[in-house]
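A.B. asks: Starting off with a structure, shown below.
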Amino acid sequence: MISKNQIKYIRQLEQKKFRKRENCFVAEGPKVVGDLMRQYQPKAIFATEDWNGIELTGPVPVSRVTDEELRRISFLQTPQQVLALFPIPEHTSYLSPLTSHLYLALDSVQDPGNLGTIIRIADWFGIDTIFCSEDTADAYNPKVVQATMGSLAHVHIIYTELLQLFDTLPNNFPVYGTLLDGEDIYQQPLYDYGIIVMGNEGNGISEAVRQRVTHRLLIPNFHQGPSAESLNVAIATAITCSEFRRRGTK
(Lines give C-alpha, C1' and ligand atoms only; values in the text may rest on other atoms or scores of the structure.)
Protein backbone atom coordinates (compact mmCIF):
# COMPACT_ATOMS: atom_id res chain seq x y z
CA MET A 1 0.00 0.00 0.00
CA ILE A 2 1.33 3.42 -0.94
CA SER A 3 0.19 6.60 0.78
CA LYS A 4 -0.96 9.86 -0.80
CA ASN A 5 2.08 11.62 0.68
CA GLN A 6 4.41 9.10 -0.93
CA ILE A 7 2.68 9.55 -4.29
CA LYS A 8 2.97 13.33 -3.99
CA TYR A 9 6.63 13.11 -3.00
CA ILE A 10 7.58 10.88 -5.93
CA ARG A 11 5.66 12.95 -8.46
CA GLN A 12 7.43 16.11 -7.25
CA LEU A 13 10.77 14.51 -8.10
CA GLU A 14 9.98 15.26 -11.74
CA GLN A 15 11.01 18.83 -10.90
CA LYS A 16 14.71 19.69 -10.87
CA LYS A 17 14.42 22.05 -7.89
CA PHE A 18 12.74 19.33 -5.83
CA ARG A 19 15.33 16.72 -6.82
CA LYS A 20 18.08 19.12 -5.85
CA ARG A 21 16.45 19.94 -2.52
CA GLU A 22 15.85 16.30 -1.64
CA ASN A 23 19.11 15.05 -3.23
CA CYS A 24 17.08 12.26 -4.77
CA PHE A 25 16.06 10.96 -8.20
CA VAL A 26 13.73 8.32 -9.67
CA ALA A 27 14.71 5.23 -11.63
CA GLU A 28 12.32 2.69 -13.13
CA GLY A 29 12.33 -0.82 -14.54
CA PRO A 30 14.31 -3.96 -13.60
CA LYS A 31 17.26 -3.13 -15.90
CA VAL A 32 17.80 0.49 -14.84
CA VAL A 33 17.08 -0.09 -11.15
CA GLY A 34 19.19 -3.26 -11.08
CA ASP A 35 22.25 -1.57 -12.61
CA LEU A 36 21.98 1.41 -10.28
CA MET A 37 21.58 -0.85 -7.24
CA ARG A 38 24.91 -2.49 -8.01
CA GLN A 39 26.52 0.93 -7.63
CA TYR A 40 24.31 2.90 -5.23
CA GLN A 41 22.16 2.11 -2.22
CA PRO A 42 18.52 3.07 -2.95
CA LYS A 43 16.54 5.12 -0.48
CA ALA A 44 13.28 3.32 -1.18
CA ILE A 45 11.83 0.73 -3.55
CA PHE A 46 8.25 0.37 -4.79
CA ALA A 47 7.69 -2.91 -6.60
CA THR A 48 4.95 -5.25 -7.75
CA GLU A 49 4.91 -8.88 -6.64
CA ASP A 50 6.49 -10.09 -9.88
CA TRP A 51 9.70 -8.11 -9.31
CA ASN A 52 12.41 -10.40 -7.95
CA GLY A 53 15.05 -7.71 -7.63
CA ILE A 54 18.66 -8.23 -6.62
CA GLU A 55 20.20 -8.85 -3.23
CA LEU A 56 20.14 -5.73 -1.09
CA THR A 57 23.37 -4.74 0.68
CA GLY A 58 21.67 -2.88 3.51
CA PRO A 59 18.33 -1.97 5.05
CA VAL A 60 16.14 -0.50 2.32
CA PRO A 61 12.39 0.01 2.67
CA VAL A 62 10.65 -2.10 0.02
CA SER A 63 6.96 -1.37 -0.53
CA ARG A 64 4.92 -3.89 -2.47
CA VAL A 65 2.43 -2.09 -4.68
CA THR A 66 -0.29 -3.09 -7.11
CA ASP A 67 -0.03 -2.47 -10.85
CA GLU A 68 -2.47 0.42 -10.44
CA GLU A 69 -0.43 2.00 -7.65
CA LEU A 70 2.72 1.68 -9.71
CA ARG A 71 0.98 3.48 -12.59
CA ARG A 72 0.13 6.35 -10.25
CA ILE A 73 3.78 6.99 -9.35
CA SER A 74 5.44 6.02 -12.63
CA PHE A 75 6.74 8.48 -15.22
CA LEU A 76 6.53 5.81 -17.94
CA GLN A 77 3.62 5.12 -20.25
CA THR A 78 4.04 1.44 -19.43
CA PRO A 79 5.38 0.92 -15.88
CA GLN A 80 7.90 -1.90 -15.45
CA GLN A 81 7.54 -3.73 -12.14
CA VAL A 82 9.70 -1.45 -10.02
CA LEU A 83 10.40 2.20 -9.20
CA ALA A 84 13.25 3.16 -6.88
CA LEU A 85 14.53 6.36 -5.30
CA PHE A 86 18.29 6.91 -5.30
CA PRO A 87 20.53 9.61 -3.81
CA ILE A 88 22.11 11.91 -6.38
CA PRO A 89 25.84 10.99 -6.55
CA GLU A 90 28.26 13.63 -5.36
CA HIS A 91 30.35 13.84 -8.53
CA THR A 92 31.02 17.50 -7.93
CA SER A 93 34.79 17.66 -8.31
CA TYR A 94 37.55 16.16 -10.39
CA LEU A 95 41.29 15.71 -10.26
CA SER A 96 43.26 18.52 -11.83
CA PRO A 97 45.17 18.26 -14.03
CA LEU A 98 43.13 15.65 -15.84
CA THR A 99 44.79 12.31 -16.45
CA SER A 100 45.48 10.72 -19.83
CA HIS A 101 41.95 9.55 -20.51
CA LEU A 102 39.22 10.45 -22.95
CA TYR A 103 36.45 12.72 -21.63
CA LEU A 104 33.27 14.24 -23.01
CA ALA A 105 32.14 17.83 -22.45
CA LEU A 106 28.58 18.88 -23.29
CA ASP A 107 27.97 22.52 -24.11
CA SER A 108 24.28 23.28 -23.52
CA VAL A 109 22.78 19.97 -24.68
CA GLN A 110 19.09 20.52 -23.94
CA ASP A 111 17.10 17.44 -24.90
CA PRO A 112 16.77 14.83 -22.10
CA GLY A 113 16.66 11.99 -24.63
CA ASN A 114 19.88 13.17 -26.25
CA LEU A 115 21.63 13.48 -22.89
CA GLY A 116 20.52 10.02 -21.79
CA THR A 117 21.69 8.51 -25.06
CA ILE A 118 25.06 10.29 -24.83
CA ILE A 119 25.58 8.90 -21.32
CA ARG A 120 24.86 5.43 -22.70
CA ILE A 121 27.28 6.03 -25.59
CA ALA A 122 30.01 7.16 -23.18
CA ASP A 123 29.53 4.00 -21.15
CA TRP A 124 29.79 1.82 -24.27
CA PHE A 125 33.02 3.46 -25.41
CA GLY A 126 34.66 3.40 -22.00
CA ILE A 127 34.40 7.11 -21.22
CA ASP A 128 33.69 7.34 -17.51
CA THR A 129 33.38 11.13 -17.04
CA ILE A 130 31.18 13.71 -18.76
CA PHE A 131 31.55 17.41 -17.98
CA CYS A 132 28.32 19.35 -18.53
CA SER A 133 27.81 23.09 -18.78
CA GLU A 134 25.46 24.43 -16.13
CA ASP A 135 22.70 24.90 -18.72
CA THR A 136 22.87 21.32 -20.01
CA ALA A 137 19.79 19.22 -19.22
CA ASP A 138 19.70 17.63 -15.76
CA ALA A 139 21.12 14.10 -15.85
CA TYR A 140 18.70 13.04 -13.09
CA ASN A 141 15.55 14.04 -14.95
CA PRO A 142 13.40 10.86 -15.13
CA LYS A 143 13.53 10.95 -18.95
CA VAL A 144 17.33 11.12 -18.94
CA VAL A 145 17.66 8.36 -16.35
CA GLN A 146 15.44 6.09 -18.43
CA ALA A 147 17.28 6.85 -21.67
CA THR A 148 20.60 5.83 -20.11
CA MET A 149 19.31 2.26 -19.63
CA GLY A 150 21.42 1.90 -16.50
CA SER A 151 24.60 3.53 -17.83
CA LEU A 152 24.12 6.36 -15.35
CA ALA A 153 25.59 3.93 -12.81
CA HIS A 154 28.88 3.77 -14.71
CA VAL A 155 29.51 7.37 -15.81
CA HIS A 156 30.41 10.34 -13.63
CA ILE A 157 28.38 13.44 -14.52
CA ILE A 158 29.97 16.71 -13.42
CA TYR A 159 28.25 20.08 -13.91
CA THR A 160 30.77 22.85 -14.15
CA GLU A 161 31.71 26.06 -15.94
CA LEU A 162 33.42 24.70 -19.05
CA LEU A 163 35.69 27.71 -19.58
CA GLN A 164 37.03 27.33 -16.04
CA LEU A 165 37.55 23.62 -16.70
CA PHE A 166 39.60 24.39 -19.80
CA ASP A 167 41.71 26.83 -17.77
CA THR A 168 42.85 23.95 -15.54
CA LEU A 169 44.02 21.74 -18.39
CA PRO A 170 47.70 20.88 -18.77
CA ASN A 171 49.56 22.49 -21.63
CA ASN A 172 48.90 20.78 -24.96
CA PHE A 173 45.99 18.74 -23.55
CA PRO A 174 43.79 18.15 -26.64
CA VAL A 175 40.34 19.72 -26.79
CA TYR A 176 38.38 18.34 -29.74
CA GLY A 177 35.19 19.83 -31.15
CA THR A 178 32.93 18.89 -34.05
CA LEU A 179 32.49 22.02 -36.17
CA LEU A 180 31.28 22.79 -39.69
CA ASP A 181 34.63 24.40 -40.47
CA GLY A 182 36.57 21.49 -39.01
CA GLU A 183 38.84 18.99 -40.75
CA ASP A 184 37.61 15.57 -41.87
CA ILE A 185 37.64 13.36 -38.76
CA TYR A 186 38.63 10.35 -40.87
CA GLN A 187 41.78 12.13 -42.04
CA GLN A 188 42.97 13.63 -38.75
CA PRO A 189 45.30 12.12 -36.14
CA LEU A 190 43.33 11.22 -33.03
CA TYR A 191 44.68 10.42 -29.58
CA ASP A 192 43.25 8.19 -26.88
CA TYR A 193 43.15 11.09 -24.42
CA GLY A 194 41.66 14.58 -24.43
CA ILE A 195 38.24 16.20 -24.16
CA ILE A 196 35.63 15.86 -26.90
CA VAL A 197 33.20 18.82 -26.86
CA MET A 198 29.68 18.34 -28.22
CA GLY A 199 27.41 21.35 -28.65
CA ASN A 200 23.81 22.44 -28.46
CA GLU A 201 21.25 20.78 -30.73
CA GLY A 202 20.45 23.96 -32.64
CA ASN A 203 23.47 26.21 -32.23
CA GLY A 204 26.36 23.81 -31.86
CA ILE A 205 29.35 24.72 -29.70
CA SER A 206 29.12 28.24 -28.26
CA GLU A 207 31.56 30.85 -29.53
CA ALA A 208 33.41 31.15 -26.20
CA VAL A 209 33.92 27.39 -25.93
CA ARG A 210 34.79 27.19 -29.63
CA GLN A 211 37.78 29.44 -28.97
CA ARG A 212 39.17 26.80 -26.60
CA VAL A 213 38.94 23.97 -29.14
CA THR A 214 42.43 22.98 -30.27
CA HIS A 215 41.42 20.28 -32.78
CA ARG A 216 38.48 21.13 -35.01
CA LEU A 217 36.80 18.05 -36.47
CA LEU A 218 34.15 17.55 -39.13
CA ILE A 219 32.00 14.49 -39.72
CA PRO A 220 31.75 14.67 -43.52
CA ASN A 221 28.48 14.44 -45.44
CA PHE A 222 28.75 11.74 -48.09
CA HIS A 223 25.51 12.66 -49.87
CA GLN A 224 26.14 14.46 -53.16
CA GLY A 225 22.74 16.15 -53.41
CA PRO A 226 20.36 17.84 -50.97
CA SER A 227 20.50 16.13 -47.57
CA ALA A 228 20.07 16.68 -43.85
CA GLU A 229 21.66 19.92 -42.63
CA SER A 230 23.25 18.27 -39.61
CA LEU A 231 23.41 15.17 -37.45
CA ASN A 232 21.59 14.65 -34.18
CA VAL A 233 24.06 15.43 -31.38
CA ALA A 234 23.81 11.95 -29.87
CA ILE A 235 24.46 10.32 -33.26
CA ALA A 236 27.40 12.66 -33.83
CA THR A 237 28.76 11.74 -30.41
CA ALA A 238 28.55 8.03 -31.22
CA ILE A 239 30.35 8.46 -34.56
CA THR A 240 33.06 10.60 -32.97
CA CYS A 241 33.68 8.29 -30.02
CA SER A 242 33.73 5.26 -32.29
CA GLU A 243 36.39 6.81 -34.53
CA PHE A 244 38.55 7.73 -31.52
CA ARG A 245 38.35 4.22 -30.12
CA ARG A 246 38.86 2.61 -33.51
CA ARG A 247 42.25 4.16 -34.13
CA GLY A 248 43.21 6.43 -31.25
CA THR A 249 46.91 6.23 -30.35
CA LYS A 250 49.12 8.18 -28.01
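A.B. asks: Select from segment 21-35 the residues that are under 19 Å from Ile73 (Cα atoms) and assigned to a helix (DSSP H, G or I) and write down the one among them that is most open to solvent (accessible area, probe 1.4 Å).
C.D. replies: Lys31
Yes/no per residue for (1) open to solvent by less than 10 Å² (accessible area, probe 1.4 Å); (2) basic (Lys, Arg); (3) modelled with pLDDT of 95 or more; (4) within 18 Å of Gln15 (Cβ to Cβ):
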residue	(1), (2), (3), (4)
Ile88	no, no, no, yes
Ser93	no, no, no, no
Ala122	yes, no, yes, no
Thr129	no, no, no, no
Asn141	no, no, yes, yes
His156	no, no, no, no
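A.B. asks: Under 6 Å between Cβ atoms, which residue pairs at least 6 apart in sequence (or on different chains) link something in segment 21-40 that is under 19 Å from Lys143 (Cβ atoms) with a partner that is assigned to a helix (DSSP H, G or I)?
C.D. replies: That search, which allows pairs on different chains as well, returns Phe25/Arg19; Val26/Pro142; Ala27/Val33; Ala27/Leu36; Ala27/Val145; Asp35/Ala153; Leu36/Ala153.
A.B. asks: Could you tell me whether any residue of segment 38-50 is assigned to a helix (DSSP H, G or I) and not β-branched (Val, Ile, Thr)?
C.D. replies: For segment 38-50, residues assigned to a helix (DSSP H, G or I) and not β-branched (Val, Ile, Thr): absent.
A.B. asks: Would you be able to tell me the number of residues in segment 10-19 that are assigned to a helix (DSSP H, G or I) and either in contact (Cβ under 8 Å) with a residue 12 or more places away in the chain or in contact with a helix residue (DSSP H, G or I) (Cβ under 8 Å, 6 or more places away or on another chain) (or both)?
C.D. replies: 6
A.B. asks: Answer with yes or no whether Ser100 is modelled with pLDDT under 90, assigned to a loop (DSSP other than H, G, I, E, B) and within 23 Å of Trp124 (Cβ to Cβ).
C.D. replies: Against the criterion (modelled with pLDDT under 90, assigned to a loop (DSSP other than H, G, I, E, B) and within 23 Å of Trp124 (Cβ to Cβ)), Ser100 qualifies.
A.B. asks: Next up: Just to be sure, is Gly116 surrounded by fewer than 16 Cβ atoms within 10 Å (Cβ to Cβ), touching a Lys or Arg at 6+ places or on another chain (Cβ under 8 Å) and not aliphatic (A, V, I, L, M)?
C.D. replies: It is false that Gly116 is surrounded by fewer than 16 Cβ atoms within 10 Å (Cβ to Cβ), touching a Lys or Arg at 6+ places or on another chain (Cβ under 8 Å) and not aliphatic (A, V, I, L, M).
A.B. asks: Does any residue of segment 187-204 turn out to be part of a helix (DSSP H, G or I) and either open to solvent by 70 Å² or more (accessible area, probe 1.4 Å) or of a type in the set (A, V, I, L, M) (or both)?
C.D. replies: Looking through segment 187-204, at least one residue is part of a helix (DSSP H, G or I) and either open to solvent by 70 Å² or more (accessible area, probe 1.4 Å) or of a type in the set (A, V, I, L, M) (or both).
A.B. asks: Between Leu180, Leu163, Leu169, which is surrounded by fewer than 19 Cβ atoms within 10 Å (Cβ to Cβ) and part of a strand (DSSP E or B)?
C.D. replies: The match here is Leu180.
A.B. asks: Taking Val213 as the residue in question, decide whether it is β-branched (Val, Ile, Thr), in contact (Cβ under 8 Å) with a residue 24 or more places away in the chain and part of a loop (DSSP other than H, G, I, E, B).
C.D. replies: Against the criterion (β-branched (Val, Ile, Thr), in contact (Cβ under 8 Å) with a residue 24 or more places away in the chain and part of a loop (DSSP other than H, G, I, E, B)), Val213 qualifies.
The values are calculated or read from the model by the stated rules, or taken from the named source; none is laboratory data. Because the structure is a prediction, the values reported are computed rather than measured. For neighbour counting, all protein chains shown are included, and Cβ atoms are generated from backbone atoms with ideal geometry for every residue, glycine included. We work out accessible area using only protein heavy atoms, side chains counted, and drop any ligands, DNA or RNA first. Shrake-Rupley method; radii C 1.70, N 1.55, O 1.52, S 1.80 Å.
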